Amino acid sequence: MSSEAGNKSSASAENVKTLLPGSTIGILGGGQLGRMMANAGSAMGYRFIALDPTPDAPCGQVSEQIVAAYDDRAAARELAKRSDVITYEFENVDADVAAMLMAESYVPQGSKLLYTTQHRLREKQAIEAAGVRVAPYSEIRSVDELHEAVGRFGTPCVLKTAMGGYDGKGQWVIRNEDEIAEAYETLSRAGVQLVLEQFIRFDKELSVIAARSPQGEIKAFPVAENIHVDNILHLSIVPARINEDVQREAERLAMRIAEGLGVVGLIAVELFVTADGELFVNELAPRPHNSGHYTMEACRTSQFEQHVRAVCNLPLGDTALMSPVVMVNVLGQHVEPLLALMAQHDDSAERLNVAPKVHLYGKKEAVFKRKMGHVNVLAPSTEAALEWIQETNIWKV
């Protein structure tokens, strides 16, 4: 596959830099992904500085921080001045600021991929251009167009805002025609384009984290099987409970997207697999991803170290899985029971021969349904890890 797309959307070959430990990595965004990136990169000898509007943000607790809005150009220039390379930890960073930084600093990921993945219609078109299937979709510009598209796709189908929205926000599952007017009126208030997606009757939700360096080296992590509760990721199960052919194809599609979109750093590819093994890409995220947190202890290289390696143009690390693992998210309502469990001897872990590895993000308020951390449960089998999660009662709160 041609690398032309990569040269257009990220650092061109003649501008590629190799940044060795001792360099400073600037991060647009100071949340938990930046925090874990800084922890991984600091162990390698890199320094970090984050730009985030929240004082004492999770990343700011383990690195330097500039407290300013994401669209504050003066603050962004200060970040550039103090950094040797700039990356981002979530895709809702202002794309215009990223484009400005490209002209004034070194941003190997570029702004084109950010611009593409911030908008669902552009993202779907880019995935299709890479030769990968997405669920049938239609741009919606009026309630009449929505009626027509629902008639074509049938119900249920999913209306989404083209920009913004996460963890189930910015979308409406239309289950019958009586909901069409209300769904359109509610989501159109966001003032952005809308897209209707045909509902895929999937057997499982999967994701693959792929990494690509500026030189074109690509590696994929093992496929994760993801389970959501109330539209928020609850579990990532690795190895995924799928056959080898589906696993190989999911990894191949992720690497094809990474190449086709000219990714530098990480790309998270979320997929649906149907009962007969068909794969459809659902969404992309050009950054470390919640469903890749399992790599922190279970793989030879974590997704965070891999991202640092990619943006600094080091050889990519080995992505091999060392242990079966289940990642379980810790939401606000889970923090207190988890802390209570940590303070006592864990008989269940000992009996099941599992090793729960706790990661808390340093957020001040444990708000209901807010992501506060995660636990990677290393185990002799994913069944043993799932049994430990069930027995703790933490996630029944």
message: When the residues of region 102-138 are narrowed to those that are open to solvent by 60 Å² or more (accessible area, probe 1.4 Å) and of a type outside the set (Lys, Arg), which ends up nearest to Glu91 (Cα to Cα)?
response: Tyr115
- prompt: Of all residues in region 40-61, which are under 23 Å from Lys371 (Cα atoms) and surrounded by fewer than 18 Cβ atoms within 10 Å (Cβ to Cβ)?
  reply: Pro53, Thr54, Pro55, Asp56, Gln61
- request: Find the residue count for region 251-260, including only residues that are open to solvent by less than 30 Å² (accessible area, probe 1.4 Å) and within 16 Å of the chain's Cα centre (by Cα).
  value: 3
- request: Please find, within region 196-240, the residue that is farthest from Lys371 (Cα to Cα) out of those that are charged (D, E, K, R) and outside any strand (DSSP E or B).
  value: Glu217
query: Are any residues in region 153-182 modelled with pLDDT of 90 or more and surrounded by fewer than 17 Cβ atoms within 10 Å (Cβ to Cβ), and if so, which ones?
result: Gly154, Thr155, Pro156, Val173, Arg175, Asn176, Glu177, Asp178, Ala181, Glu182
field: Conditions (1) over 23 Å from Phe90 (Cβ atoms); (2) open to solvent by less than 60 Å² (accessible area, probe 1.4 Å); (3) in contact with a strand residue (DSSP E or B) (Cβ under 7 Å, 6 or more places away or on another chain); (4) part of a helix (DSSP H, G or I): number failed by Gln247
entry: (3)
- prompt: Of everything in region 183-200 that's in contact with a Ser or Thr (Cβ under 7 Å, 6 or more places away or on another chain) and open to solvent by 30 Å² or more (accessible area, probe 1.4 Å), which residue is farthest from Leu114 (Cα to Cα)?
  reply: Ala190
- request: Consider only pairs whose beta carbons are under 6 Å apart and that are at least six residues apart or on different chains; among these, list those whose first residue lies in region 287-303 and is in a helix (DSSP H, G or I) and whose second residue is of a type outside the set (A, V, I, L, M) and open to solvent by 10 Å² or more (accessible area, probe 1.4 Å).
  value: Ser291/Asn226; Thr295/Ser302; Met296/Ser302; Glu297/Lys357; Ala298/Ser323
field: Selection within region 351-376 - open to solvent by less than 60 Å² (accessible area, probe 1.4 Å) and farther than 23 Å from Gln61 by Cα
entry: Leu352, Val354, Ala355, Pro356
query: Which residue pairs have Cβ atoms closer than 9 Å, lie 6 or more positions apart in sequence or on different chains, and pair a first residue in region 348-376 that is in contact (Cβ under 8 Å) with a residue 60 or more places away in the chain and more than 23 Å from Trp388 (Cβ to Cβ) with a second residue that is basic (Lys, Arg) and in a helix (DSSP H, G or I)?
result: Gly362/Arg35
statement: Filtering region 211-232 for residues that are under 26 Å from Lys169 (Cα atoms), out of contact with any Asp or Glu (no Cβ under 8 Å at 6 or more places or on another chain) and surrounded by 23 or more Cβ atoms within 10 Å (Cβ to Cβ) leaves a count of 1
message: Please go through region 263-282 and give me each residue that is buried (at least 23 other Cβ atoms within 10 Å of the Cβ) and not in a strand (DSSP E or B), ordered by number.
response: Val263, Val264
message: Tell me yes or no: at least one residue of region 377-393 is modelled with pLDDT under 95, of a type outside the set (D, E, K, R), open to solvent by 20 Å² or more (accessible area, probe 1.4 Å) and assigned to a loop (DSSP other than H, G, I, E, B).
response: yes
task: Considering every residue within region 344-357, establish whether at least one is more than 27 Å from Ile218 (Cα to Cα), under 17 Å from the mean Cα position of the chain (by Cα) and outside any loop (DSSP other than H, G, I, E, B).
output: no
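The values are calculated or read from the model by the stated rules, or taken from the named source; none is laboratory data. If you're wondering where the values come from, they're calculated on a predicted model, not measured in any experiment. Cβ coordinates were reconstructed from backbone atoms using ideal geometry, including for glycine residues, and neighbour counts include every protein chain displayed. The area values use the complete protein model at the heavy-atom level, side chains included, leaving out ligands, DNA and RNA. Shrake-Rupley method; radii C 1.70, N 1.55, O 1.52, S 1.80 Å.
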